[in-house]
1. Is one or more of the residues making up segment 93-105 under 30 Å from residue 186 (Cα atoms), at pLDDT below 80 and among the basic types (Lys, Arg)?
2. Quick one: which strands (runs of 3 or more DSSP E) lie wholly within segment 165-226 and hold at least 1 residues that are hydrophobic (A, V, I, L, M, F, W, C) and touching a His at 6+ places or on another chain (Cβ under 9 Å)?
3. Identify the single condition in (1) modelled with pLDDT under 85; (2) more than 22 Å from residue 162 (Cα to Cα) that residue 13 does not satisfy, given that it satisfies every other one.
Amino acid sequence: MNPLCLPASIGGSDLLRLDQVVKQRMPLERGEILFRENVVHPALFVVRSGSLKTYATLPEGDVQILGFHIAGELVGLEGLSGNGHRCSAEALERSSLCEIPFDSLTDVAAKVPGLQQQLFRVMSREFARELEHPVMMGRKQAMSRLAIFLRSLSDRLRGIGHDPRVLHLSMSRQELANYLGLAIETVSRLFSRMQAMQVLDVDRRSVRIVDPPALAALAEKSDDEA
């Protein structure tokens with residue numbers, strides 16, 4: 001799951017360089033929409049602070065959350081085709097973003113090497129997601145799905161210089177359950193169980209990883225294990 005759940009991120013030095021190249025900033029409050037599904041917005045966005053969720057509306061009208069994006073990560077890559085975004089993006093908390101118009105993307109990427117590398121990694125991951133994500137999500141135990149997500153988020157925070165053991169979940173339990181394909185009651189029960197196992201210390205949306213090796217073991221547990 002790591003190649004699917006772990007977006008590439010732009011490091012601190014490249015984020016500073018991006019500030020010097022890209023002047024356009026976009027602040028969003030919680031619940032505000034960055035872009036909407038099927039609407040053409042010819043720009044790529046880099047999260048500078050805060051976090052967002054991306055989601056798609058299914059034919060029957062239900063919403064499926066596709067991902068959560070934190071500082072240093074790209075949003076809107078799927079709009080490069082010029083046919084409109086395939087998903088919507090919404091701020092989970094007060095957030096700040098850099099907007100890079102597609103017509104100047106090549107010039108900016110040349111000046112910010114981390115951005116160019118991330119573009120290649122994210123495009124590769126998107127191809128893999130369409131083929132593998134449904135299969136892997138269907139095979140993993142509920143406990144493993146949550147453990148994979150938490151370990152992935154921890155790794156992503158480490159990549160931007162934050163404490164990888166301290167997680168602030170800006171998404172609600174309902175949003176996390178939607179993303180993982182689980183019932184909200186199941187997600188709440190799993191957090192309680194992991195806390196009882198002394199793997200996590202959970203206080204509402206604040207989660208501290210007490211035992212990283214144990215969390216990794218849960219993430220890697222196969223379906224046929226008890």
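The values are calculated or read from the model by the stated rules, or taken from the named source; none is laboratory data. Fair warning: this is a prediction, and the values are worked out from it, not measured in the lab. So basically every Cβ, Gly included, is an ideal-geometry build from the backbone, and we count neighbours across all protein chains shown.
1. Just the residues of segment 93-105 that are under 30 Å from residue 186 (Cα atoms), to begin with: 93-95.
Okay, now just the ones that are also at pLDDT below 80, so none.
No, segment 93-105 contains no residue that is under 30 Å from residue 186 (Cα atoms), at pLDDT below 80 and among the basic types (Lys, Arg).
2. Details: elements: 166-168, 200-203, 206-209.
Correct list: 206-209.
3. Going through (1) modelled with pLDDT under 85; (2) more than 22 Å from residue 162 (Cα to Cα) one by one, residue 13 breaks only (2).
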